[in-house]
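A short write-up of the structure that comes next.
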Amino acid sequence: MGHKERAHALFGPSSAHRWLECPGSVLLEKGMPDTASESAAEGTLAHELAEMKVVNYFYPKEISKRKLNAAIKKMKENELWDDEMLGHTDAYIDYIRDTSLGLPSQPHMDAERRWDFGRYMPPGYEGEGYGTADCTMVQGSRLFVIDFKYGKSPAGRVSAERNPQMMLYALGAYEALKMLYPIKEARLAIVQPRLPDGISEWSCSIDELQEFGEHVREQAALAVSGNAGYSPGEDTCRFCRARSRCAARAEHNVKLAFSPDLGKKPPLISNGQVGEYLRLGAGVAKWLAELKDCALAECLAGNEVPGWKAVEGRSAREWTDMDAAFAILEKSGVAPEEMLWERKPLTLAQVEKMIGKKDFQDTAGSYVAVRRGKPALVQETDSREAITNKITAEEAFKEEK
């Protein structure tokens with residue numbers, strides 16, 4: 001089955017960070033349609049390539065080099081294909097290969113295998129606890145779960161430490177393999193090759209893993225009890241399908257927007273209060289944008305949203321047949337090279353994508369300079385190094401010299 005067609009469990013590992021913190025969201029979003037972004041579709045394509053590469057490495061009889069090359073040729077027809085996928089998936093395979101070569105013997109490997117952790121689900125929901133792990137290896141007493149993430153935003157960096165998605169995969173794999181292997185330790189790794197230092201690793205004992213499983217059992221039972229609470233917040237609401245309609249989120253954001261308690265306020269707010277208002281307001285701004293999208297969709301569907309209506313936006317003109325129009329303009333005396341066409345080069349990224357990253361670097365790389373990005377404000381948890389306009393003593397000394 002292809003990656004796109006896979007069913008998703010009610011208690012899926014990929015959304016565990018949300019339903020473990022906000023158990024009420026499980027039933028709230030049940031039945032609501034899911035939407036997929038272009039970046040998600042790009043990630044799916046990269047995962048399909050990564051899966052074939054890892055199977056080719058471990059089990060070449062199942063996917064031969066010839067079969068792999070044929071599949072890559074077909075993938076290149078996809079409009080989302082980028083030659084960089086080859087290098088990024090190679091980095092993922094290199095990590096898996098290096099890990100396996102460091103073991104006393106060849107591990108057993110499963111790529112894109114579904115692992116069930118139904119024994120930690122409430123009665124009647126045993127079939128709603130499962131997920132598909134990118135790569136799982138077991139050798140002796142060690143279980144390895146390796147996840148491939150294709151995101152490129154530094155803000156999207158994911159840590160393997162106590163990562164609930166990875167721990168649920170490990171729980172399911174342990175339950176399936178414990179009779180075959182004396183597993184004592186789970187080693188979790190996340191490989192994000194599009195980010196610098198994009199590898200995160202963490203290990204835990206099976207006792208720790210099972211302790212986490214009991215927490216999962218409690219939260220899952222609470223989620224279907226009908227008495228589950230809600231924990232609205234930036235992380236829990238980000239991918240929740242009910243986020244635009246959730247009353248708890250609405251109440252939370254209205255409270256943040258209109259009555260944040262930051263203590264007694266002087267005539268001018270301090271830097272500390274500036275930071276706190278920004279933190280509190282970020283979720284409010286995002287919620288208002290999503291609420292506006294929700295209201296527009298309702299109005300377009302013919303449903304009333306008191307105080308609001310949908311109208312036609314600013315119109316724009318476009319050619320119905322540009323070639324025919326230009327031909328007539330030329331016949332009327334308009335010089336095409338002077339009036340109708342503008343010579344405009346492709347962007348650097350477009351040229352690089354057209355000829356390939358390596359060939360671009362070999363031929364035109366010496367003519368490329370990296371312009372520093374415009375300063376951006378992010379939360380201090382962001383991994384990028386902080387910058388400032390202040391000149392250091394070392395920089396000042398350099399200028400004098």
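For the structure I just gave you, tell me whether TRP341 is more than 30 Å from ASN253 (Cα to Cα) and in contact with a helix residue (DSSP H, G or I) (Cβ under 8 Å, 6 or more places away or on another chain). Write out each step before concluding.
On the way: more than 30 Å from ASN253 (Cα to Cα): yes; in contact with a helix residue (DSSP H, G or I) (Cβ under 8 Å, 6 or more places away or on another chain): no.
In short, no.
From the set of residues in the stretch 289-321 that are assigned to a helix (DSSP H, G or I) and without any contact (Cβ under 8 Å) to a residue 40 or more places away in the chain, which is surrounded by the fewest Cβ atoms within 10 Å (Cβ to Cβ)? Quick ask: steps written out before the conclusion?
Quick first cut of the stretch 289-321, residues assigned to a helix (DSSP H, G or I) only: 289-300.
Right, trim to without any contact (Cβ under 8 Å) to a residue 40 or more places away in the chain and you get 289, 292, 295-300.
On the way: ALA289: 11, LYS292: 12, ALA295: 17, LEU296: 14, ALA297: 13, GLU298: 14, CYS299: 15, LEU300: 9.
Looking at residues that are assigned to a helix (DSSP H, G or I) and without any contact (Cβ under 8 Å) to a residue 40 or more places away in the chain, I get LEU300.
If you scan the stretch 54-91, which residues turn out to be over 23 Å from MET137 (Cβ atoms) and basic (Lys, Arg)?
ARG66, LYS73, LYS74, LYS76, listed by residue number.
Looking at GLY263, GLY226, GLY272, which one is over 30 Å from MET121 (Cβ atoms), at pLDDT 80 or above and more than 23 Å from the chain's Cα centre (by Cα)?
On the way: GLY263 fails: at pLDDT 80 or above; GLY226 fails: over 30 Å from MET121 (Cβ atoms).
Of the residues listed, the single one that is over 30 Å from MET121 (Cβ atoms), at pLDDT 80 or above and more than 23 Å from the chain's Cα centre (by Cα) is GLY272.
Could you tell me whether the stretch 368-380 includes any residue that is modelled with pLDDT under 75, closer than 30 Å to TRP81 by Cβ and outside the structural domain of ASN271 (by TED's automatic domain parsing)?
For the stretch 368-380, residues modelled with pLDDT under 75, closer than 30 Å to TRP81 by Cβ and outside the structural domain of ASN271 (by TED's automatic domain parsing): absent.
Kindly state which helices (runs of 4 or more DSSP H) lie completely within the stretch 1-94 and contain at least 2 residues that are charged (D, E, K, R) and in the same structural domain as ASP134 (by TED's automatic domain parsing).
Numbers: elements: 16-19, 25-28, 38-58, 65-75.
Counting at least 2 such residues, we get 38-58, 65-75.
Can you name the residue in the stretch 95-127 that is closer than 21 Å to LYS149 by Cβ and of a type in the set (Gly, Ala, Ser) and, of all such residues, is surrounded by the most Cβ atoms within 10 Å (Cβ to Cβ)?
Checked the stretch 95-127; the qualifying residue surrounded by the most Cβ atoms within 10 Å (Cβ to Cβ) is ALA111.
Quick one: which of ILE146, ILE190 is more than 20 Å from LEU20 (Cβ to Cβ), touching a strand residue (DSSP E or B) at 6+ places or on another chain (Cβ under 8 Å), crowded, with 22+ Cβ neighbours inside 10 Å and touching a residue at least 40 places away in the same chain (Cβ under 8 Å)? Break it down into steps so the answer makes sense when it comes.
Working: ILE190 fails: more than 20 Å from LEU20 (Cβ to Cβ).
The unique qualifying residue is ILE146.
Looking at the stretch 98-137 only, could you name the residues that are touching a Pro at 6+ places or on another chain (Cβ under 6 Å) and closer than 19 Å to GLN165 by Cβ? Full working, then the answer.
Our first condition is that a residue be touching a Pro at 6+ places or on another chain (Cβ under 6 Å); within the stretch 98-137, this holds for 100, 131, 137.
Hits for the stretch 98-137 are GLY131, MET137.
The values are calculated or read from the model by the stated rules, or taken from the named source; none is laboratory data. These numbers were taken from a predicted model, which means no experiment stands behind them. Virtual Cβ from ideal backbone geometry, glycine too; neighbours counted across all protein chains shown.
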